[in-house]
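Below you'll find the structure, written out as structure tokens, and then a few comments.
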Amino acid sequence: MSYAVEFDHVSRHFGTVRAVDNVSIAIEEGGFFAMLGPSGSGKTTCLRLISGFERPTAGHVRIFGETSEDLPPNRRPVNTVFQDYALFPHLSVRDNVAYGLMVQGIDKRTRHARAEEMLALVKLDSYGDRKPAQLSGGQRQRVALARALVNHPRVLLLDEPLGALDLKLREAMQDELKALQRQLGITFVFVTHDQGEALSMADRVAVFNDGRIVQEGSPEDIYQRPRTRFVADFVGSANVLSPALSRRAGGPEAWHSLRAEAMEAIEGGSGRLSGTVTTVRYLGAVKRVTVDVGGDELTVAIPAGQDAPAEGATVGLNWTATAMHRMEGA
Amino acid sequence: MEAVRPGIAARLSDLFWRRPGALLLVLLIPPLLWLGVIYIGSLAALLVQSFFSIDEFSGLINYEFTLKTYAELLRPANFDIILRTTLMAAAVTLAAAVIAFPIAYYAARFAKGHMKALFYLGVMLPLWSSYLVKVYAWKLILAKEGILTWAVDGVGASAALNAILALPVIGGGSLSVSYIGTFLVFLYVWLPFMILPVQAALERVPANLLEASNDLGARPGQTLRHVILPLAMPGIIAGSIFTFSLTLGDYIIPQIVGSSRLFIGQAVYAHQGTAGNIPLAAAFAVVPIVIMGLYLWMAKRQGAFDAL
């Protein structure tokens, strides 16, 4: 199996800070790989280790099987879409996109033609003469994308590319990025702190915390079977049950995750646990009901069509035994 | 309840709140008077004077419009002064830009905390001492018996120094009486005025633009040429306006250090003083203004301000 990018026990320390600590990953060619984690978790440093802006303190980064530590960024077959786009303010959109070709010495006519093709790919034809300052955030994002793709990189790195966009635009761009990745067939490596973004776009997700990878797997793995409390908390889909609470609910004494939509709340009824409804929040497709079960709070998601208990009501909570997922850690 | 009668300050602030235009006017009148009457006014008076002429026999000013005085400027003796001054200003500006850029780049990109404070101190410190003291100090440094000659002797390079001094035009008896000496002192005295604007311009170039350029395949030299220099250009132009115009107008440095041949500033000084030829002095004074105007126009046409 050939990998686009491999991390072989890679560490990157800044003084006493272990930004990346003994990380090993293998990113398959042609995949859409997401690095998910809170800020300061080492995901961006990992991206910079691939682009070449950081060099590992220990370990090796291989790009298409080749050890890359001694290769400067300009000689790597990867390109980056930067977080705040980093468009050259003094160049037109066309010259921005053609920049990668210009520094290779490709003549003006050819590179402008290729730049126009790229602009058409991101649906920005006819914007070539403008300056970046004259574009909206979403358009700048597309220019950054076209500019990074013009050199035909074998791996495209995206550093929080949708972070600065508003919600609606972000959703539209998620679909477009995904479609673009399929159309081009190149490897996308994507850094984000937004779990929704990571789960909906990527086909592999690595969850980072404190410079280490805490879990790597398919979006479904991460969502349904979080390995640790941190993942369950960060992905945010599930209730975390302490060993004591798990025992009270009739399970083994260990940390468990329990997804909000796998539970039902029966008013006045009995169940594995019972408690008092503290808040009911209406979120459109679901209602989120928070239930106090003797000091711990659990969240139940109730589909929009069904009746939800009122605040202050006493409810019994029920779920099937398989919905409880056992996690690591004491 | 009895209404409190507002004091004069309160009523004034109320008035300004109701009429923001009045506040603006009050704030702008002093600078407008200064700029309009004292600065622009005296410039206009200067311009008018340059269109008068002097009667060669009586030495009196003839108050009739004429271009005769400007024609005087084209006489070889006067035109040489203009050429000499402009070439010196151009050489000083070019050298200042070349020397200032790496210093400014270091300060903008790499210096942090104490190093940055040290940089500002190092650049500004010479500006705290008197200009005359610095120029006389340089005269001593560059003199035939001065410390530079001594040091050059010490390392056994006097032959090289003598070869340089033997060069036609720019050489001379010693560095302190040569154009090279004038150039060095100009360069030293005006260098901070180039470093500071270039550093300010470089400071505003986001680091990720350099990374983006590198990421797209550019070597460091290409990044310098295609990203850093165009974005630093407004700062370089701002600095060159200082070094160029200050050199064009200076009349003290070439008098203390250099050959006895005149620069524009000295010519203005001589003509308006002992010679009493105010029209020619005014015409000479207009020359730097015209040269600066042409320079800025060309810089704009070359796109130097595009990144502003």
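Would you work out the charge dipole size for chain A about its Cα centre, treating the Cβ of every Lys and Arg as +1 and the Cβ of every Asp and Glu as -1, and quote it to the nearest 20 debye? Please report the intermediate quantities before stating the final value.
Values: 37 positive and 40 negative charges, 159 e Å.
With Lys and Arg at +1 and Asp and Glu at -1, about 760 debye.
Per the Kirkwood formula on distinct C-alpha pairs, the Rh of the range B:25-77 is how many angstrom?
On the way: mean 1/r = 0.0748 Å⁻¹.
The answer is 13.4 Å.
Considering amide H positions built from the backbone, and no H for Pro or chain starts, which residues 5 or more places from residue A:53, or on another chain, come under 5 Å of its amide H?
none
Of the cross-linked pairs A:43/B:112; A:123/A:168; A:131/B:300, which ones have a Cα-Cα span greater than 21 Å in the structure shown? Before the final figure, lay out the partial values.
Details: A:43/B:112 26 Å; A:123/A:168 18 Å; A:131/B:300 18 Å.
Over 21 Å Cα-Cα: A:43/B:112.
Any idea of residue B:121's accessible area? Nearest 10 Å², probe 1.4 Å.
Here the residue's solvent-accessible area equals roughly 80 Å².
Which helices pass in chain B if a helix is a full DSSP H run, must span at least 24 angstrom along its long axis by Cα, and must have mean Kyte-Doolittle hydropathy not below -1.0? Present the calculation step by step, with values, prior to reporting the outcome.
On the way: long enough: B:76-109 (48 Å, 1.21); B:179-203 (35 Å, 1.59); B:229-249 (29 Å, 1.54); B:278-301 (35 Å, 1.62).
Once both thresholds are applied, what remains is B:76-109, B:179-203, B:229-249, B:278-301.
Once amide H atoms are built 1.01 Å from N in the peptide plane, which residues 5 or more positions from residue A:269, or in another chain, come under 5 Å H to H?
Hits under the 5 Å cutoff: A:316.
From other protein chains only, count the Cβ atoms within 10 Å of every residue's Cβ in A:67-78, then give the mean.
Details: counts 0, 0, 0, 0, 0, 3, 8, 10, 3, 2, 0, 1.
If you average over the peptide's residues, the count of other-chain Cβ atoms is 2.
Please report the spacing between the Cα centers of the range A:292-330 and the range A:14-29 in Å, no decimals.
Going from one Cα centre to the other spans 37 Å.
Using a probe radius of 1.4 Å on protein heavy atoms only, what is the accessible area buried between chains B and A, both sides summed, to the nearest 100 Å²?
Working: alone 18840 and 15680 Å², together 32740 Å².
So the total buried area for this chain pair works out to about 1800 Å².
Could you sort A:94-103, A:175-184 so that the peptide with the highest average Cβ count within 10 Å comes first and the rest follow in order?
Result, highest mean Cβ count within 10 Å first: A:94-103, A:175-184.
What angle do you read, to the nearest 10 degrees and between 0 and 90, between the alpha-carbon axis of helix A:93-102 and the longest principal axis of chain A?
Roughly 70 degrees between the two axes.
Among A:148, B:142, A:317, which residue has its Cα furthest toward the positive end of the charge dipole of the protein assembly as shown, with +1 on Lys/Arg Cβ and -1 on Asp/Glu Cβ?
Going by the Cα projections, it comes out as B:142.
Just the ratio, please: alpha-carbon radius of gyration of the range A:3-232 over 2.2 N^0.38 Å, N its number of residues. Could you put the intermediate results ahead of the total?
Numbers: Rg = 17.6 Å, N = 230, 2.2 N^0.38 = 17.4 Å.
Taking N as the residue count of the range A:3-232, the ratio is 1.01.
If r is the Cβ-Cβ distance from residue B:70 to residue B:305 and R0 is 22 Å, what FRET efficiency results, to the nearest 0.05? Working shown, then result.
Working: r = 30 Å, r/R0 = 1.38.
Calculated value: 0.15.
Using the Kirkwood formula over every pair of different C-alpha atoms, what hydrodynamic radius in Å results for the range A:200-298? Intermediate values should be presented prior to the final figure.
Numbers: mean 1/r = 0.0666 Å⁻¹.
Mean inverse Cα-Cα distance, inverted, gives 15.0 Å.
So what's the protein assembly as shown giving for Cα Rg divided by 2.2 N^0.38 Å, two decimals?
Working: Rg = 36.4 Å, N = 638, 2.2 N^0.38 = 25.6 Å.
This ratio for the protein assembly as shown stands at 1.42.
Mind giving me the FRET efficiency for residue A:221 and residue B:219? R0 is 41 Å, r the Cβ-Cβ distance, nearest 0.05 is fine. Walk me through the numbers on the way to the answer.
Working: r = 43 Å, r/R0 = 1.04.
Once rounded, the FRET efficiency stands at 0.45.
How big is the Rg/Rh ratio for the range B:1-101, C-alpha atoms only, Rh by Kirkwood, two decimals?
Values: Rg = 26.6 Å, Rh = 19.7 Å.
Taking Rg over the Kirkwood Rh, I get 1.35.
Tell me the per residue accessible area of the protein assembly as shown using a 1.4 Å probe; a whole number in Å² is fine.
Numbers: 32740 Å² over 638 residues.
Per residue, the protein assembly as shown has an accessible area of 51 Å².
State the extension gain, in nm to one decimal, for the chain segment bounded by residue A:107 and residue A:126, taking 0.36 nm per residue of separation less the distance between their alpha-carbons.
Numbers: separation 19, 0.36 × 19 = 6.84 nm, distance 2.10 nm.
So the extension gain works out to 4.7 nm.
For helix A:137-149, what angle does its Cα long axis make with the longest principal axis of chain A, in degrees from 0 to 90 and rounded to 10?
It works out to around 60 degrees.
If the chain between residue A:313 and residue A:179 were fully stretched, how many nm would it gain, using 0.36 nm times the residue separation less the Cα-Cα distance?
Details: separation 134, 0.36 × 134 = 48.24 nm, distance 4.67 nm.
Difference between extended and current length: 43.6 nm.
Compute accessible area for the range B:200-227 by itself and then with all protein chains, 1.4 Å probe, and report residues whose area falls by 50 Å² or more.
B:208, B:209, B:211, B:214, B:215, B:216, B:226
Calculate, for residue A:306 and residue A:24, the FRET efficiency according to 1/(1 + (r/R0)^6) with r their C-beta to C-beta distance and R0 41 Å; round to the nearest 0.05. Don't skip to the answer; put the middle values down first.
Details: r = 45 Å, r/R0 = 1.10.
After rounding to 0.05, the efficiency reads 0.35.
Using Cα centres only, tell me the gap between the range B:168-214 and the range B:86-141 in whole Å.
Going from one Cα centre to the other spans 7 Å.
Rg/Rh for the range A:143-216: what does it come to with C-alpha atoms and Rh from Kirkwood? Before the final figure, lay out the partial values.
Values: Rg = 12.7 Å, Rh = 13.2 Å.
Over the Cα atoms of the range A:143-216, Rg/Rh equals 0.96.
What distance in nm lies between label points placed 7 Å from Cα along the C-beta direction at residue B:116 and residue B:140?
Label-label distance for residue B:116 and residue B:140, simple model: 3.7 nm.
Does a label point 7 Å from the Cα of residue A:2, set along Cα-to-beta-carbon, have any residues of the range A:41-66 with amide nitrogen under 19 Å, and which are they?
Hits in the range A:41-66 for residue A:2 at 19 Å: A:61-66.
Say each of residue A:152 and residue B:109 gets a label point 7 Å from the Cα, pointing the same way as Cα to Cβ; how far apart are those two points in nm?
So the two model labels end up 3.2 nm from each other.
Restricting things to alpha carbons, tell me how big the range B:163-269 is in terms of Rg and Dmax, in Å.
Cα-based Rg and Dmax for the range B:163-269 come out at 19.2, 57 Å.
In whole Å, largest first, what are the principal axis extents of the Cα atoms in the range A:240-326?
Sorted from largest, the Cα extents of the range A:240-326 read 34, 22, 18 Å.
Based on C-alpha coordinates, I'd like the Rg and Dmax of the range B:77-301, in Å.
Spelled out, the Cα radius of gyration and Dmax of the range B:77-301 are 20.1, 65 Å.
Mind jotting down the distance between the C-alpha centroids of the range B:227-244 and the range A:141-202, whole Å?
After rounding, the separation between the Cα centres reads 37 Å.
Once you have the Cα-Cα distance between residue B:159 and residue B:33, take 0.36 nm times their residue separation minus that, and quote the gain in nm to one decimal. Walk me through the intermediate numbers first.
On the way: separation 126, 0.36 × 126 = 45.36 nm, distance 5.89 nm.
That works out to 39.5 nm of additional length.
Contact order normalised by length for chain B, with contacts defined as Cα pairs under 8 Å and 6 or more residues apart; what percent is it? Let's see the in-between values first.
On the way: 321 pairs, mean separation 74.3, N = 308.
Relative contact order, chain B: 24 percent.
If one computes P(r) from the Cα atoms of the range A:42-152, what percent of pairs lie at distances over 23 Å? Intermediate values should be presented prior to the final figure.
Working: 2134 of 6105 pairs.
Roughly 35 percent, once rounded to a whole number.
Relative to the longest principal Cα axis of chain A, at what angle does helix A:108-121 sit, 0 to 90 degrees, rounded to 10?
20
Distance in nm between label sites at residue B:63 and residue A:270, each 7 Å beyond Cα in the beta-carbon direction?
Taking the simple label geometry, residue B:63 and residue A:270 are separated by 11.8 nm.
The values are calculated or read from the model by the stated rules, or taken from the named source; none is laboratory data. Everything quoted here is computed from the prediction, not taken from an experiment. Neighbour counts run over all protein chains shown; Cβ positions are idealised from the backbone, glycine included. Please note that ligands, DNA and RNA were not included when accessible areas were found on the heavy atoms of the full protein model with its side chains. Shrake-Rupley method; radii C 1.70, N 1.55, O 1.52, S 1.80 Å.
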